[in-house]
1. Scan the stretch 1-52 for residues that are of a type in the set (S, T, N, Q), under 25 Å from Leu82 (Cβ atoms) and at pLDDT 80 or above and jot them down.
2. List the residue pairs whose Cβ atoms are under 9 Å apart, where the first residue sits in the stretch 35-57 and is of a type in the set (A, V, I, L, M, F, W, C), the second is assigned to a loop (DSSP other than H, G, I, E, B) and surrounded by fewer than 13 Cβ atoms within 10 Å (Cβ to Cβ), and the two are 6 or more positions apart or on different chains.
3. Being outside any loop (DSSP other than H, G, I, E, B) and loosely packed, with under 10 Cβ neighbours inside 10 Å is the filter here; which residues of the stretch 55-72 pass it?
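The values are calculated or read from the model by the stated rules, or taken from the named source; none is laboratory data. Everything numeric here is computed off the predicted structure, so don't read it as measured data. For neighbour counting, all protein chains shown are included, and Cβ atoms are generated from backbone atoms with ideal geometry for every residue, glycine included.
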Amino acid sequence: MLLDGRRLRGVESRVDELDARRVELALTEGRNRQIRRMCAARGLAVVTLHRIAIGPIALGAWPAGACRALTEQEIRALEASLGPRGRGSRAS
């Protein structure tokens, strides 16, 4: 994938057309305003964006700014999604 003329390594994306006015995009790694810039490069206008999940955690209908503690199951799912780096390591 190219963004601002640079190839993004390790970034995967998926686009599903839901209807004539809506698409669902899935990114494995997002950059600042990436979806807006990807759409603009294709001549598409972005009116609203709705994040539906962060990694394996579906967000549901939470109000803007709301927060809650993660469940043990969500913590395990996030740890599992880290892959071979495993628990407690940091990306460099």
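1. Passing the criteria: only Gln34.
2. Filtered contacts from the stretch 35-57: Ile35/Leu49; Met38/Leu44; Cys39/Ala45; Val47/Arg21; Ile52/Leu59; Ile52/Gly60; Ala53/Leu59; Ile57/Leu70.
3. Ala58, Glu72
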